[in-house]
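Enquirer: Please find one structure pasted underneath; my questions will follow.
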Amino acid sequence: MPSDPQATPVAATPPAPAASDRHSTTGYRDLLRNVEFTGLYAGFTLTAAAGTLSGFALGSLVNDRTGSPFLTAVSMYGATFATVLGALTLMSVADGRRPRRTLVALQFASLVGVGAQAVPGLPLTVRFGLLLMLGFLQSLGTGTRLGLLAEIVPTSAYATARSLMNITSGGMAVLGYAVGAVLLRHLGPYGVFTVAAALTAVGLAVVTATVREHSIRLTRRPGLRQTWATNKELFAHPGRRALLLNLWVPNGLIVGCEALFISYDPRGAGTLLAAGSAGMLLGDLAVGRLFSADRRRRSAFALRLLLAVPFLVFGFHPPTLVAAAAVFLAGAGFAATLPLQEQLLALTPDAVRGQVQGVESAGRMTWQGLGAAIAGGLAQYLAPGSAIALAAAVSVAVTVLAGPAVSRTAGTVGTG
């Protein structure tokens, strides 16, 4: 396999997995017997919990200080804006010489940033600056982590591993919002930031102790030029562009809807956020564990519609329990990311899969920030419920318009 990604176009298809990989089935227990995967997974779990707590604390702090739906939404998801900077500048470090060392260094820097948020009296401008720094570090860390994941687990287990991590992310969000609301009442936002920093520190220690260094996928020094060269190849393929559009835009607009929950119903926001995360957990569990790869591909369009359609009910300003039921149902639609990610991986050569997955994740997170800004901006002029319904309607429209291109890509991957 050539080591230069410019000599290995992203359009190339990676080597087919071995027969044992194609026909074996790997469950969650099998994955957790792998010490390295368990360490990577535990570090991710603790980091996800810390991110949920710190985001909830910052959103509550900004809402109390400003009362602005726009600033509150951006404070909860604003870190995602900086992820695009990682994707455009240094994402090639995800496929660099020492991915384990890179991940440890990035998590340590994140620990410093989260810990700084716990300092009382910081101006909001400084807090937003820290938020952007953490988003930049998070994007590079995600690419590096996913590159390591593809090294640690066999090809046949990749979807199962991503499913488990998505389920965990949803579970940590459910617990994080529920526990965060309790901690906020007893500790205040600065105490919640301190708890988030402690979780980040434990996650760093776990990764340091369990994950070993893996193969060098590039011989050239990672940097801006390397990142741009691979990104140019990534976006040159129309099928990948369609996949990225569907991974980014509908998802981001619905996260923007969720960013308005505090403004829509301050008392019931924790319930709504937890309901969405619980739905996401259930959807990822069912689609990742019970569906075959072919069934996942065939269900992607319906799941993407499910992600947005229930949010239309917010236009009628339903009571909290009805809204929570709709959000729970919609949360299952986030599982559409699994088949789309599988298709993207199938179109990516091994040498740059860390960067490509990092770009996919960074773009998805950036669109979550854009979705929060769009929905928050709409809520400055419309009632929050009306803004939620309008953003959901646009998500539906994007899914419908992009559906044929994604279907063509799915057919190509399925027969390749």
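The values are calculated or read from the model by the stated rules, or taken from the named source; none is laboratory data. Keep in mind that this is a model prediction, so the values were computed, not measured. With ideal geometry, Cβ positions are generated from the backbone for all residues, glycine too; neighbour counts draw on all protein chains shown.
Enquirer: Return the total of residues in the stretch 249-275 being under 13 Å from Thr366 (Cα atoms) and surrounded by fewer than 24 Cβ atoms within 10 Å (Cβ to Cβ).
Expert: 1
Enquirer: Checking Leu285 against (1) surrounded by fewer than 24 Cβ atoms within 10 Å (Cβ to Cβ); (2) more than 21 Å from the chain's Cα centre (by Cα); (3) part of a helix (DSSP H, G or I): exactly one of these is not met. Which one?
Expert: (2)
Enquirer: Does Gly191 satisfy the condition of being surrounded by fewer than 22 Cβ atoms within 10 Å (Cβ to Cβ), more than 17 Å from the chain's Cα centre (by Cα), modelled with pLDDT of 90 or more and part of a helix (DSSP H, G or I)? Even if it seems obvious, please write down each step before you answer.
Expert: Working: surrounded by fewer than 22 Cβ atoms within 10 Å (Cβ to Cβ): yes; more than 17 Å from the chain's Cα centre (by Cα): yes; modelled with pLDDT of 90 or more: yes; part of a helix (DSSP H, G or I): yes.
Against the criterion (surrounded by fewer than 22 Cβ atoms within 10 Å (Cβ to Cβ), more than 17 Å from the chain's Cα centre (by Cα), modelled with pLDDT of 90 or more and part of a helix (DSSP H, G or I)), Gly191 qualifies.
Enquirer: Take the conditions in a helix (DSSP H, G or I), of a type in the set (D, E, K, R) and at pLDDT below 80 and apply them to Arg65. Does it pass?
Expert: No, not satisfied.
Enquirer: Within the stretch 137-167, can you find the residues that are of a type in the set (Val, Ile, Thr), under 23 Å from Gly363 (Cβ atoms) and more than 12 Å from the chain's Cα centre (by Cα)?
Expert: Thr144
Enquirer: For Ala209, are the conditions met, namely being at pLDDT 85 or above, part of a helix (DSSP H, G or I), over 22 Å from Arg65 (Cα atoms) and out of contact with any Cys (no Cβ under 7 Å at 6 or more places or on another chain)? Spell out the reasoning first.
Expert: Values: at pLDDT 85 or above: yes; part of a helix (DSSP H, G or I): yes; over 22 Å from Arg65 (Cα atoms): yes; out of contact with any Cys (no Cβ under 7 Å at 6 or more places or on another chain): yes.
So Ala209 fits the description; yes.
Enquirer: Given the conditions (1) touching a residue at least 24 places away in the same chain (Cβ under 8 Å); (2) more than 23 Å from Phe301 (Cβ to Cβ), and given that Val398 satisfies all but one, which numbered condition is not satisfied?
Expert: (2)
Enquirer: Check whether at least one residue in the stretch 151-165 is outside any helix (DSSP H, G or I) and either crowded, with 20+ Cβ neighbours inside 10 Å or among the basic types (Lys, Arg) (or both), and report yes or no.
Expert: Yes, the stretch 151-165 contains a residue that is outside any helix (DSSP H, G or I) and either crowded, with 20+ Cβ neighbours inside 10 Å or among the basic types (Lys, Arg) (or both).
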